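What follows is one structure encoded as structure tokens, with my remarks underneath.
The values are calculated or read from the model by the stated rules, or taken from the named source; none is laboratory data. Model, not experiment: these values are computed from the prediction. Please note: Cβ atoms are built from the backbone with ideal geometry, for glycine as well, and neighbour counts cover all protein chains shown.
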Amino acid sequence: MSTADTLQGFKRDGRVVIVGASLAGLRAAEALRDEGFTGKLTMIGDELGEPYDRPPLSKQVLTGWVPADGTTLPRRRDIDAEWLLGVPADGLDLANNHVRLADGRTIPFDRMLISTGVRARPWPVEAEAALDGVFVVRTREDAAGLQRAVAAGPSRVLIIGAGFTGSEIASVCRERDIPVTVAELAPSPLVGGLGAMIGEIAADMQRAHGVDLRCGVKVTQLEGDAQGRVRRAHFSDGSAVDADVVVVALGGIRNTEWLRDSGLAVGVWGVACDAGCRAFDLNGLVTDDIFVAGDVARSPNPMYEYRFISLEHWANAVEQAEIAAHNMVSAQADRWPHLSIPTFWSIQFGVNIKSVGVPTYADEVVVTQGSVADHRFVAAYGYHGRVTAAVSFNNAKWLDHYRRLIETAAPFPPPCPTPDQPLDAKPVPVDFPGPTLLAQGATVVVTGHDPGERRVTAMRQHR
Amino acid sequence: MTTTEAPDILPRILDYSNRADPYPLYAELRKTPVALQEDGSYVISTYRELSGILHDPHLSSDVRNLTHPMPAMQERGTPSFINLDPPEHDRMRRLAMRHFGPPHTPGLVTGMEPDLTAIVAGLIDDFAGKQRIDIVDDFAYPFPVTVICHLLGVPREDEPRFHVWVNAIIDSIDYNPKTDPQEKLENGVQATKNLRQYLGGLLELRHGHPGDDLLTRLANDNGPDGRMTDAEIVSTANLLLIAGHETTVNLITNGMLTLLRRPEMLRRLRTEPDLVVPLVEELLRYEPPVHIIPWRAAYSDISVGDTVIPKGSQIMLMLASGSRDPDRFHDPDRFDPDRQDNQHLGFGSGIHLCFGGPMARLETQIALTALVHRLADPTLVTDPPPYRPSPVLRGPIHLLIDQN
């Protein structure tokens with residue numbers, strides 16, 4: 001049988017398993033059906049209920065405007081799938097092509113998609129994390145619980161971590177006039193994603209809205225009362241603050257543990273795949289039948305020197321899912337690369353923050369349009385003299401222009417003046433804290449001598 | 001190369017004899033996506049280049065950035081936000097939007113639906129007993145005019161007065177000093193002065209008097225950006241009055257013309273009410289009310305494709321051509337309301353995206369739905385119908401139909 005016949009046969013009555021039934025998984029399933037896949041489709045997800053949207057959980061759901069169960073993702077078409085929900089996948093057997101569930105069932109497949117995403121990084125001290133009033137926000141149950149706690153009018157909310165989620169939650173609390181302390185180890189909020197200049201603006205914004213912002217400090221202990229309710233937090237500078245709600249917003253952990261023994265290239269940084277979403281095995285060889293999309297995927301981006309990049313962005317999940325689905329049912333020559341320029345957005349303290357490109361891939365940043373003082377501006381990021389990203393505060397309509405500058409590797413700083421260019425616009429160092437990428441440690445060792453024997457073995461993580 | 005001279009295509013597009021069907025000329029024009037004209041201006045006609053430049057911060061809407069300013073633009077008084085750049089544009093548009101749409105006034109447009117439906121029903125009631133109807137004079141003109149008057153707080157009965165001024169202003173938009181009589185420009189300038197004086201008179205009565213109309217709300221605003229000056233309110237009201245009744249009339253009329261040319265589509269709309277939403281979007285792509293942004297200015301050198309448009313150049317944007325670009329839209333000359341991915345340029349794009357777009361959409365959806373339901377077996381009397389003079393705001397001046 002020719003390859004084309006095999007592909008036609010697979011499209012007609014093959015078996016696809018999608019592990020991870022959230023945004024990327026659902027969109028991939030819809031795209032598979034759009035592409036004409038008529039075989040058996042199985043969706044595996046550890047959460048019960050319909051796939052839902054997560055961005056509103058730290059915004060409209062927390063304000064109470066939208067109920068936590070009101071963010072169910074719209075269905076773009078019928079996907080005619082078998083849903084296995086509430087039981088996580090526990091292993092992947094590539095020798096026999098099946099997924100193992102935590103309850104022992106095995107689900108066979110011809111091709112599969114890994115879209116298991118990210119979970120919230122919990123507070124590291126288990127007993128403290130278990131105190132009443134300590135929250136993370138990743139699932140709708142998390143958001144519902146925090147929404148109730150915030151609606152009850154706490155005397156103070158402590159937010160640990162001033163990334164996007166932490167800052168959005170701080171904003172919602174201040175909107176309700178609830179006293180808020182934000183603790184951030186870095187020198188300012190958002191600095192890890194957007195660099196020092198934007199970080200300082202974000203810090204000013206938080207303080208102007210009455211946030212007790214404490215940067216450069218670590219929370220060393222969460223203290224509970226006799227009833228097991230959180231009541232106080234202690235900081236590395238020796239100070240303490242009383243708070244009856246604590247939100248742990250320390251980012252996410254990629255859900256890859258279940259793939260530990262699969263022989264795929266997995267680690268804390270995700271599941272490595274090519275630009276066409278095909279997973280790499282441990283040796284860095286591309287596989288044929290295993291695809292990856294969404295927050296858990298880590299793929300090389302030709303726009304950024306083919307570096308492997310993982311993105312926890314809504315639009316990336318959607319676009320990558322569609323590419324993965326297309327490539328699952330296409331012959332090699334018809335496959336598409338995932339080449340879209342990343343975008344994300346956040347709403348906090350009355351400001352709509354939007355970004356295009358990869359701001360962390362930059363050495364300089366310059367305000368190109370608008371006014372920083374008014375929190376209405378666009379800043380362009382550059383790397384070695386070309387534009388690599390842009391961030392807007394309440395000025396998103398310009399970003400399409402910057403997307404084109406990124407796509408065309410346009411010179412940085414942009415040479416021609418614009419009508420509302422700040423008079424003192426000068427590029428400054430972008431200044432991200434710490435070499436985070438290098439701090440992860442090794443994940444594999446290489447064995448063997450002859451080229452035909454050289455193999456990689458996964459190392460157990462010591463984290 | 002994107003730049004070559006295409007010397008006679010633009011004049012032919014502007015020529016009245018081609019008003020009924022400029023689309024083949026647009027196709028010719030698109031062979032040169034960025035076309036340098038004899039007078040040093042640039043004409044852009046392809047989708048990719050248009051959507052790129054509409055988001056390009058180096059493109060200015062302020063006449064003061066032209067090396068050779070448009071004649072008499074300064075005499076027209078305080079510019080409205082359509083002719084301003086950030087930050088002034090942003091401030092004025094924000095101040096106006098506070099009273100028109102989200103986030104401050106989210107329900108205004110949808111809240112007008114019952115009123116719009118009633119106005120439409122009343123106009124169609126007046127068709128009773130008439131065999132021949134002019135869709136323009138009897139319907140598509142009075143409907144949006146009534147709406148914009150109500151919204152702004154301009155007395156409906158003053159329409160005969162400002163109608164003359166608005167027409168003279170529209171006529172002068174595409175004034176060409178080489179081919180047009182000076183009078184055309186002077187009439188436009190005088191009409192602008194008259195209209196502004198009239199609106200200024202209405203505004204004076206609004207200060208300190210609460211009310212729901214836009215003039216009153218702008219006159220008594222106290223938001224975070226402060227209040228517009230009276231001159232700014234007049235220029236804004238002037239813009240909204242003209243845009244609010246010289247564009248929707250064309251969209252509704254073009255819509256009816258398009259449906260009458262496709263009776264099967266007209267019948268389909270009767271039985272599939274939800275079709276009206278994508279149908280109006282397709283109309284905005286296929287027969288948009290605004291065909292051309294007659295001028296913008298290069299604030300500094302602008303790169304479009306491999307062309308550099310020098311600072312100070314005048315740039316003409318052929319939006320309707322971009323929406324028919326086969327490199328962007330499959331089978332672009334086919335009217336297809338089922339079209340997916342219909343990101344047309346009917347309302348422009350970028351920071352100057354049509355302010356009244358949501359209102360125009362709703363008006364047209366309601367108007368076309370009512371017309372197809374209530375007109376009995378309508379037929380076109382003349383095809384093509386006679387057109388208005390303007391190549392910029394293009395549409396029939398009359399659309400006669402017979403109902404049986």
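Quick check on region A:383-419: of everything there that is within 19 Å of B:V304 (Cα to Cα) and aromatic (F, W, Y), which residue is nearest to the other protein chains (Cβ to nearest Cβ)?
Per the stated criteria, the residue is A:W398.
Need pairs with beta-carbon distance below 6 Å; first residue more than 14 Å from chain A (Cβ to nearest Cβ) and within region B:346-364, second among the polar types (S, T, N, Q); sequence gap 6+ or separate chains.
From region B:346-364, the pairs are B:A360/B:T248; B:E363/B:T248.
Being of a type in the set (D, E, K, R) and either touching a strand residue (DSSP E or B) at 6+ places or on another chain (Cβ under 9 Å) or at positive phi (or both) is the filter here, so list the residues in region A:20-50 that pass it.
Hits for region A:20-50 are A:R33, A:K40, A:D46, A:E47, A:E50.
Only residues that are over 23 Å from A:T418 (Cα atoms) and aromatic (F, W, Y): list them for region B:11-46, please.
Listed by number, the residues that qualify are B:Y16, B:Y23, B:Y26.
Here's a check for you: in region A:348-368, which residue that is under 16 Å from A:K397 (Cβ atoms) and either touching a Lys or Arg at 6+ places or on another chain (Cβ under 6 Å) or of a type in the set (S, T, N, Q) (or both) is farthest from the other protein chains (Cβ to nearest Cβ)?
So, considering only residues that are under 16 Å from A:K397 (Cβ atoms) and either touching a Lys or Arg at 6+ places or on another chain (Cβ under 6 Å) or of a type in the set (S, T, N, Q) (or both), the one farthest from the other protein chains (Cβ to nearest Cβ) is A:S355.
Which one is farthest from the other protein chains (Cβ to nearest Cβ) among residues in region B:28-41 that are of a type in the set (A, V, I, L, M) and touching a helix residue (DSSP H, G or I) at 6+ places or on another chain (Cβ under 8 Å)?
The residue in question is B:L29.
Out of all the residues in region B:121-132, is one or more of a type in the set (D, E, K, R) and buried (at least 18 other Cβ atoms within 10 Å of the Cβ)?
The answer is no; no qualifying residue exists.
Of all residues in region A:80-139, how many are of a type in the set (S, T, N, Q) and farther than 30 Å from A:Q60 by Cβ?
Of the residues in that region, 3 qualify.
Which of the helices (runs of 4 or more DSSP H) contained wholly in region B:126-237 include at least 1 residues that are aromatic (F, W, Y)?
B:142-152, B:159-173, B:182-204
Given the conditions (1) surrounded by fewer than 22 Cβ atoms within 10 Å (Cβ to Cβ); (2) more than 14 Å from every other protein chain (Cβ to nearest Cβ), report the number of the one that B:I44 does not fulfil.
(1)
Only residues that are over 21 Å from B:M359 (Cβ atoms) and in a helix (DSSP H, G or I): list them for region B:270-304, please.
Scanning region B:270-304 gives B:R270, B:T271.
Working carefully through the options B:G101, B:G107, find the one that is without any contact (Cβ under 8 Å) to a residue 40 or more places away in the chain and within 14 Å of B:P358 (Cβ to Cβ).
After applying the criteria, what remains is B:G107.
Check B:P384 against each of (1) over 21 Å from B:L10 (Cβ atoms); (2) free of Cβ contacts under 8 Å to residues at least 60 places away in the same chain and name the one condition it does not meet.
Here B:P384 meets the rest and fails (2).
Is it fair to say B:T229 is surrounded by fewer than 20 Cβ atoms within 10 Å (Cβ to Cβ) and either modelled with pLDDT of 90 or more or within 23 Å of the chain's Cα centre (by Cα) (or both)?
yes
Scan region B:333-345 and tell me whether some residue there is within 14 Å of chain A (Cβ to nearest Cβ), in contact (Cβ under 8 Å) with a residue 40 or more places away in the chain, surrounded by 22 or more Cβ atoms within 10 Å (Cβ to Cβ) and not in a helix (DSSP H, G or I).
Yes; the residues of region B:333-345 include at least one that is within 14 Å of chain A (Cβ to nearest Cβ), in contact (Cβ under 8 Å) with a residue 40 or more places away in the chain, surrounded by 22 or more Cβ atoms within 10 Å (Cβ to Cβ) and not in a helix (DSSP H, G or I).
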